[in-house]
Amino acid sequence: TVMATPRVDDWSWFLALALGVSFLKCILINTYHSTDFEVHRNWLAITHSFPVSKWYHENTSEWTLDYPPLFAWFEYGLSHVAQHFDKEMLVVQNLNYTSPATVLFQRLSVIVTDMVFIYAVKECCRSVREEKGSKDLLGHPFFILAALLLWNFGLLIVDHIHFQYNGFLFGILLLSVARHLQGRHLEGALLFAVLLNLKHIYLYIAPAYGIFLLRSYCFTEDNTDGSVRWSSFSPLRLVALGSIVISVCALSFGPFIAMGQLPQVLSRLFPFKRGLCHAYWAPNVWALYNMVDKALSVLGVRLKLLDVTKLPKASMTGGLVQEFQHSILPSVSPSITLICTLLSIMVMLSIWRRPRGTRGFLRCLVVCALGSFMFGWHVHEKAILMAILPFSILAVESREDAGIFLMLTTTGHYSLFPLLFTAAELPIKVLLMLLFTLYSFTSLKKLFRWEKVLSQGSILNPLETTYLLGLVAVEILCEVVYPLSPWQHTLPFVPLLVTSVYCSLGVSYSFIRLYVSLLRQDGTDKHKQL
């Protein structure tokens, strides 16, 4: 018997994908969890045990509350459910409290709040262009997108092993993107304003939202050449947008402004006393910069050009979050990283000249996320997901984007491996990464197989493929060869350094390719105009 092809509006396959990944998340409940688990337990305790006026002052634990107020209220809501599991987890003095009931509650809270992410993925799938893909369900763009998002390897290990609430937050982001794709711009703006007040790291992509909404919502018409028609500006639309953003911020920060605590809250949200890089260098430009500085200092000492006693101590690899000085190259300040970030996302202004609809906005959102990741201050390696997840939508609609996506996703996901450093989790992360990567490659190659015939080329060129295969060699070196070497005890940071620097090359390459594709599109538009 031949199975009937499911209709586009038959979403039973989506339910199967969502239930499947939810079941996997339940299996991972008793795996390793990081200090982020204690961070969120402490925040549950703070918001449950203290009045609002004390939330951003309480410092019994080193893991003080440093997310915006809406997230604090989210923790407050969770704490009322948590008390039915184990009241002891809500005692602030119970540091590093991990009873089985506490672990169960915190893990389940992530799995249940992921319902927001699942709904957002469904809305994104509804917004995918239908022109590509076969009649076969498994080869359809919306099926591939659902699998790439719901089963995203990075999100699985960061949320359901390492422990965080990124799924619920990315759900709000993707739902906002979906609303813009559907032309429901005020809803999209409202969702993004809520997201910013839940986690301020999304400020990285706020410029893309600001420029897009001003250009494509507040200006209602274009000239025939695609440029802005200034006379079409709608003050009413600008007021509507402004009202939404101000209302959400007032709801979030209002109580703290009324109590005169705004400076205290902001000092928690933006702690610039932290160093340029996290304890494990995120694979970005600064990792390469640090590596060059390290290499030059070693070379200088070997050639007796430098006095080793006068060099700053190697705090870059000490595993602590702190400020440090470079040995040879100029030290980088937060203002320098801000300037570099702004310069790196200047290409985004192309959506002002020629918006290219919501796809142009989505592309600029990814550039914004990636530019901030590449040049930002104290960037966490997990922030790469802010580029990977929205980019998944473009990857199922364009062959060129699919190629960049495969490079970025494979490299970015591998760079998350050091988050799970326990032996028990090694087979889990390797197997999940292999499954996701193989599916990404096979599904996207199948989706764009006709374009390969026409363009006489693969999605990735031989050099890109060789680089990605090099990740296997890096993994064998870091997990098998190096631990057996005599340097393991004297230079324990080398595997992290090698992983970070090698992945930096792939992420930088992906950023440059994406940047060039945007500039090329802009150039094509100008050529058509001429």
Problem set entry | Residue in the range 493-505 that is surrounded by 15 or more Cβ atoms within 10 Å (Cβ to Cβ), β-branched (Val, Ile, Thr) and over 24 Å from the mean Cα position of the chain (by Cα) present | yes
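Touching a residue at least 60 places away in the same chain (Cβ under 8 Å), crowded, with 17+ Cβ neighbours inside 10 Å and among the polar types (S, T, N, Q): is that true of residue 102 in this structure? Lay out the reasoning, then the answer.
Values: touching a residue at least 60 places away in the same chain (Cβ under 8 Å): yes; crowded, with 17+ Cβ neighbours inside 10 Å: yes; among the polar types (S, T, N, Q): yes.
Answer is yes for this residue.
Against the condition open to solvent by less than 50 Å² (accessible area, probe 1.4 Å), under 27 Å from residue 392 (Cβ atoms) and touching a helix residue (DSSP H, G or I) at 6+ places or on another chain (Cβ under 9 Å), how does residue 86 come out, does it pass?
Details: open to solvent by less than 50 Å² (accessible area, probe 1.4 Å): yes; under 27 Å from residue 392 (Cβ atoms): no; touching a helix residue (DSSP H, G or I) at 6+ places or on another chain (Cβ under 9 Å): yes.
So residue 86 fails the test.
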For this session: Could you check residue 242 against (1) of a type outside the set (Asp, Glu); (2) modelled with pLDDT of 85 or more; (3) touching a helix residue (DSSP H, G or I) at 6+ places or on another chain (Cβ under 7 Å) and say which number it fails?
Result: (3)
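Any idea how many residues of the range 54-85 are under 16 Å from residue 269 (Cα atoms), touching a residue at least 60 places away in the same chain (Cβ under 8 Å) and not in a loop (DSSP other than H, G, I, E, B)? Spell out the reasoning first.
If we filter the range 54-85 for residues that are under 16 Å from residue 269 (Cα atoms), which is where we start, we get 54-59, 62-73.
Cutting the leftovers down to touching a residue at least 60 places away in the same chain (Cβ under 8 Å) gives us 56-57, 64-71.
This time we only want the ones that are not in a loop (DSSP other than H, G, I, E, B), so: 69-71.
The number of residues fulfilling the criteria is 3.
In this structure, does residue 431 turn out to be assigned to a loop (DSSP other than H, G, I, E, B), open to solvent by 10 Å² or more (accessible area, probe 1.4 Å) and out of contact with any Lys or Arg (no Cβ under 8 Å at 6 or more places or on another chain)? Working first, answer last.
Details: assigned to a loop (DSSP other than H, G, I, E, B): no; open to solvent by 10 Å² or more (accessible area, probe 1.4 Å): yes; out of contact with any Lys or Arg (no Cβ under 8 Å at 6 or more places or on another chain): yes.
Considered against the rule, which asks whether it is assigned to a loop (DSSP other than H, G, I, E, B), open to solvent by 10 Å² or more (accessible area, probe 1.4 Å) and out of contact with any Lys or Arg (no Cβ under 8 Å at 6 or more places or on another chain), residue 431 comes out as no.
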Exercise. Which members of the range 111-144 meet the condition of being farther than 30 Å from residue 62 by Cα and surrounded by fewer than 16 Cβ atoms within 10 Å (Cβ to Cβ)?
Worked result: 115, 119, 126, 129, 130, 131, 134, 135, 136, 138, 139
For this session: Quick one: in the range 447-464, of everything that is open to solvent by less than 80 Å² (accessible area, probe 1.4 Å) and charged (D, E, K, R), which residue is modelled with the highest pLDDT?
Result: 464
Seminar exercise, completed: Residue set 467, 439; condition surrounded by 15 or more Cβ atoms within 10 Å (Cβ to Cβ), more than 20 Å from the chain's Cα centre (by Cα), closer than 22 Å to residue 161 by Cβ and of a type outside the set (A, V, I, L, M, F, W, C); output residue 439
Exercise. Within the group 338, 343, 370, which residue is under 19 Å from residue 504 (Cβ atoms), at pLDDT 85 or above, open to solvent by 40 Å² or more (accessible area, probe 1.4 Å) and of a type outside the set (S, T, N, Q)?
Worked result: 343
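Which of the residues that make up the range 411-429 are under 20 Å from residue 380 (Cα atoms) and of a type in the set (A, V, I, L, M)? If you could, list the steps in order and put the result at the bottom.
Narrowing the range 411-429 to residues under 20 Å from residue 380 (Cα atoms): 411-422, 429.
Scanning the range 411-429 gives 416, 419, 420.
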Problem set entry | Yes/no for residue 108 being of a type in the set (A, V, I, L, M), open to solvent by 30 Å² or more (accessible area, probe 1.4 Å) and at pLDDT below 90 | no
Exercise. Among (1) surrounded by 16 or more Cβ atoms within 10 Å (Cβ to Cβ); (2) hydrophobic (A, V, I, L, M, F, W, C); (3) within 19 Å of the chain's Cα centre (by Cα), which single condition is residue 55 missing?
Worked result: (3)
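Restricting attention to helices (runs of 4 or more DSSP H) lying wholly within the range 330-422, give those where 3 or more residues are under 30 Å from residue 221 (Cα atoms) and in contact (Cβ under 8 Å) with a residue 24 or more places away in the chain.
Numbers: elements: 334-344, 350-353, 357-375, 385-395, 399-414.
Of the helices (runs of 4 or more DSSP H) lying wholly inside the range 330-422, those with at least 3 residues that are under 30 Å from residue 221 (Cα atoms) and in contact (Cβ under 8 Å) with a residue 24 or more places away in the chain span 350-353, 357-375, 385-395.
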Exercise. How about the range 140-161: which of its residues are over 24 Å from residue 430 (Cβ atoms) and in contact with a Gly (Cβ under 7 Å, 6 or more places away or on another chain)?
Worked result: 140, 141
Exercise. If you check every pair at least six apart or on different chains, which have Cβ atoms under 6 Å apart with a residue in the range 242-254 that is touching a residue at least 40 places away in the same chain (Cβ under 8 Å) and among the aliphatic types (A, V, I, L, M) first and a residue that is in a helix (DSSP H, G or I) and open to solvent by 30 Å² or more (accessible area, probe 1.4 Å) second?
Worked result: 244/190; 248/194
Problem set entry | Test set (1) free of Cβ contacts under 8 Å to residues at least 40 places away in the same chain; (2) not in a helix (DSSP H, G or I) - residue 441 fails condition number | (2)
Problem set entry | Failed criterion for residue 477 (all others in (1) part of a helix (DSSP H, G or I); (2) touching a residue at least 12 places away in the same chain (Cβ under 8 Å); (3) under 30 Å from residue 140 (Cβ atoms) hold) | (3)
Exercise. Looking at the range 129-141, is at least one residue in a helix (DSSP H, G or I), over 27 Å from residue 422 (Cα atoms) and among the aliphatic types (A, V, I, L, M)?
Worked result: yes
Exercise. Is there any pair linking a residue in the range 203-225 that is closer than 16 Å to residue 186 by Cβ to one that is assigned to a loop (DSSP other than H, G, I, E, B), with Cβ under 7 Å and at least six apart or on different chains, and which?
Worked result: 215/355; 216/355; 218/234; 219/229; 220/234
Exercise. Here are 215, 179: which of them is open to solvent by less than 30 Å² (accessible area, probe 1.4 Å), of a type outside the set (Gly, Ala, Ser), touching a strand residue (DSSP E or B) at 6+ places or on another chain (Cβ under 9 Å) and in a helix (DSSP H, G or I)?
Worked result: 215
Exercise. So residue 89 fits all but one of (1) within 20 Å of residue 197 (Cα to Cα); (2) in contact (Cβ under 8 Å) with a residue 40 or more places away in the chain; (3) not in a loop (DSSP other than H, G, I, E, B); what number is the exception?
Worked result: (1)
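The values are calculated or read from the model by the stated rules, or taken from the named source; none is laboratory data. Since the model is a prediction, treat every value here as computed from it, not as a measurement. Every residue, glycine among them, receives a Cβ derived from its backbone with ideal geometry; neighbour counts consider all protein chains shown. Note: areas computed on protein heavy atoms with side chains; ligands, DNA, RNA excluded. Shrake-Rupley method; radii C 1.70, N 1.55, O 1.52, S 1.80 Å.
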